[in-house]
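The values are calculated or read from the model by the stated rules, or taken from the named source; none is laboratory data. If you're wondering where the values come from, they're calculated on a predicted model, not measured in any experiment. All Cβ positions, even for glycine, are placed from backbone atoms using ideal geometry, and neighbour counts span all protein chains on display. The accessibility values were calculated without ligands, DNA or RNA, using every heavy atom of the protein model including side chains. Shrake-Rupley method; radii C 1.70, N 1.55, O 1.52, S 1.80 Å.
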Amino acid sequence: MAPLILFFLISFSFSVEIFSEYFEAIGDTVIAEGNVETTYNNYYIKADRVEIDRNTEEVKAYGNVYIKSLRTELEVWGSFAYLDTKNDRGYILDAEGRFREFNFKAKEIKQVEKGRYKIYEGEITTCPLTDKELYLCISQADITSERVFSVNNTLRFFNVPIFYLPFFSFPIADRKSGLLFPTIGWNKYSPFVYRQPLFIVLGKDKDITLTFDYRKNQTKGLEIEYRQVFTQEEGLNLNFWVYKEDKRGPWWSGRGLYRENRFGFLFTLNRGNLKLQLEEVSDPYFYEDTSFRNKEQTKPFTVSYISYEKFTPLYSFFTSFRAYRDLTRERNEETIQILPEIYLETTPINFKGFNFSLLTNYTNFYSKKEKSQQRLIFNPQISKSFRVWKLNNFSSITFKNQLYPDSKEDKKIFTYTFNHSIPQNFYLKLKGLRVGNLFELNYSFTPKGYKGKKFDSYDEITKENDLKLRWVGSFYKSRTLADFYLNTGYNFLSTYLFPTDNKEIKKKLLPVNFTLNFYPLENLKVSQDGIYDFNLGIFARSITRASLDYKNWSFSVSNVLYKNSKGEKTSDQLSFGITYSGDTLFSGAYFNYDRLKDKQTFTNLVFGVKGKCWQIKVDYKRRYFENKNKYINEGTLSFNLFFLETLDIPIFR
């Protein structure tokens, strides 16, 4: 509605130039006829006849009136326009125009006072007006610079009314209070779901949204979301949910607990270097039962933390306390908390051609079951880059000093890791074929490993004496034909850990990591990613993919296979996807099948119809949750209105 009022923001200067076939001045009245054109105050106006009364500052435009803003994207056509510029009044009849992506028309647009306008019998859409695909009809609207209050609102789809509101108030300026689009639908446990959000502006830097949630036969609740901005990158968010259930419904079946009164709480604060988050729910099933967002429904855990970080030219510092709650279990005794973690790393300092740096870390891993398990890291590093025989070389030595006072195995480790690499980059040209190559030879030596519980990558310390080769290449001839990545090596210790189960293999030749991509056609890609152990003759990892685009169709298929050192399959997933995107119809299907479990773990079916400014989509998902040993089905009907707003209606879950 905002673009409809811009026409009346014109102020006149009577020194303006007017171009026309006929021009006459009668007293204080200037009359121009025949293809009248004038440009003033950044507006271009064209009409069959224009009359200007210099005394009353009234302007009348007759026949084929056209107005275009030279500062914005506004264009308006009409049959007649009247402006009383002295008293800020006026109107335009049979108005039709566009502003940015909006097309609009109205029987009359009237300015009743400065900054206030009325619209009579209007339509607005992002489709072409002549198509009548999707448009909003209003009988009357009262417009100010901040909001529109309209009555008798009807949303029409191909001239058929599909939604009606007797009155509606919504903002046209940034961040104005008002009702937002509701969510209306049903699910497996409720025949009627209605969620109505109310947006309230509390100030220039803060606002709040209250969402009233009613689900018949299931629950009733309220969601509060408070937002405050301090700077462009700093602010806080507070989400609070509260629900009350009248009875123990069937969604509690098979669960070991029940909550009549349920709540959720999420508070985040960002104050530059300081970040804080507090998250708590009444029970581990809270998000699954109350949220319509898939990301929240499948959330594996909640996390509360406070962290502080600082980066300077000399060092990087980070510290945090993190508490987790496992949402896949009803008890939380085994979940590891980080209370606290302190990290400090210095920027390399160059002294006589050598770079010196230091990494330190203290972490306390805590769980109710195993109590505290502390770790202290003090790892200085010396490195140097140099050239030998015109070849680039890089060497580094890291002294690893790590203490585990609560460990039942190694309580301390003092060792070092030496790395030396020689990277080389070159190209070859063979009859129009360009071959790019990057070779890197790397030697790595660590005399001692660590035996104990591994919490993260810092604990992955193994004894090694390896010579590795990395080769990255591509083939190009008017387009990319293929590219690849290979990484393998030789182990002087005659022992290494198998990639998937960390079993010790007493051989010298290391497994090869590889990725091969082939593009036989511009729209066809075939790839193979894997880890192959020559000694055991086993693919530890094998991922095969193929994708094809043909006209409006897209096809994809993949197989993901993992094996342990005994050659036993630990994961075997087959996926298939197909999509179609036409001018009017679109659809898609995606399936994932677990061969080991002999279950179809994921299904997604989509079908939709779209027009020039709208889209209707039905989305069906079926997921298998292993920890609960059950399937969850959900269906959503989505309306994308004018390609601006999406209205999601849950059908079932």
Exercise. Accessible area, 1.4 Å probe, largest first: how do Y476, Y366 sort?
Worked result: Y476, Y366
Problem set entry | Extension gain (nm, one decimal) between D131 and S457, 0.36 nm per residue minus Cα-Cα | 111.3 nm
Seminar exercise, completed: region 469-549, Kirkwood Rh and Cα Rg, ratio Rg/Rh at 1.10
Problem set entry | Normalised convex hull volume, region 97-138, alpha-carbon set, Å³ per residue | 73
For this session: Multiply the residue gap between K384 and K369 by 0.36 nm, knock off their C-alpha separation, and tell me the result in nm, one decimal place.
Result: 0.8 nm
For this session: Rank these residues by their accessible area, most exposed first, probe 1.4 Å: C137, C613.
Result: C137, C613
Seminar exercise, completed: Simple SL model, points at 7 angstrom along Cα→Cβ for L516 and Y194; separation in nm is 6.2
Seminar exercise, completed: Cα-Cα pairs in the chain separated by more than 32 Å, as a whole percent of all pairs, come to 71
For this session: At q = 0.12 Å⁻¹, what is the base-10 log of I(q)/I(0) for region 210-324 according to the Debye formula with one equal point scatterer per Cα and no solvent? Please give it to two decimals.
Result: -0.55
Seminar exercise, completed: On the formula 1/(1 + (r/R0)^6), with r taken between the Cβ atoms of Y416 and V526 and R0 of 60 Å, the FRET efficiency rounded to 0.05 is 0.85
For this session: Output the pairs from K463/K525; K369/K507; K453/K563 with a Cα-Cα distance over 29 Å in this structure; if there are none, say none.
Result: K463/K525; K369/K507
For this session: Please get the size of the charge dipole for the chain, origin at its Cα centre, with Cβ charges of +1 on Lys and Arg and -1 on Asp and Glu, quoted in debye to the nearest 20.
Result: 3780
Problem set entry | Positive-end extreme of charge dipole, the chain - chosen from V618, Y285, G97 (charges on Cβ) | Y285
Exercise. Straight-line reach from K105: which lysines have a Cα under 28 Å away, not including same-chain ones fewer than 8 places off?
Worked result: K46, K60, K68, K86, K114, K118, K132, K176, K610, K612
Seminar exercise, completed: In deg cm²/dmol, rounded to the nearest 500, the helical mean residue ellipticity at 222 nm of the chain, built from -39500 (n - 2.57) for every DSSP H run of length 4 or more, is 0 deg cm²/dmol
Seminar exercise, completed: Taking Cα pairs closer than 8 Å and at least 6 residues apart, the relative contact order of the chain in percent is 5
For this session: Rounded, prolate or oblate: pick one for region 420-498, where a ≥ b ≥ c are the square roots of the eigenvalues of its C-alpha gyration tensor, a/c under 1.5 means rounded, and failing that, prolate if a/b is larger than b/c, else oblate.
Result: prolate
Exercise. Tell me, which cysteines of the chain are without a disulfide-compatible partner by the Cβ under 4.7 Å rule?
Worked result: C137
For this session: Please work out how much accessible surface F576 shows to a 1.4 Å probe, ignoring ligands, DNA and RNA, in Å² rounded to 10.
Result: 90
Seminar exercise, completed: quick shape note, region 557-609: Cα extents on principal axes in Å, largest first -> 52, 16, 8
Problem set entry | Among N350, F539, L236 the positive-end extreme of the charge dipole of the chain (Cβ point charges) | F539
Seminar exercise, completed: Length gained, D501-L70, 0.36 nm per residue minus C-alpha separation, equals 148.3 nm
Problem set entry | Entries in K569/K597; K220/K621; K551/K617; K400/K451; K220/K617 that, when Cα-Cα distance is taken, lie over 23 Å | K220/K621; K220/K617
For this session: Give me the accessible area of I338, 1.4 Å probe, in Å² rounded to the nearest 10.
Result: 30
Problem set entry | For region 53-144, average projected area of the Cα convex hull in nm² | 6.3
Problem set entry | Sequence-distant aspartates and glutamates (8 or more away, or on other chains) whose Cα lies within less than 16 Å of K216 | E245, D246, E260, D289
For this session: Holding the Cα-Cα limit at 26 Å, pick out from K390/K429; K188/K630; K188/K247; K352/K412 the pairs that are longer than that.
Result: K352/K412
Exercise. Protein chains only, probe 1.4 Å: how do W553, W251 rank by accessible area, largest first?
Worked result: W553, W251
Exercise. Can you work out D for region 404-540 in µm² s⁻¹ from Stokes-Einstein, where Rh is the Kirkwood radius over C-alpha pairs, the temperature is 20 °C and the viscosity is 1.002 mPa s?
Worked result: 122
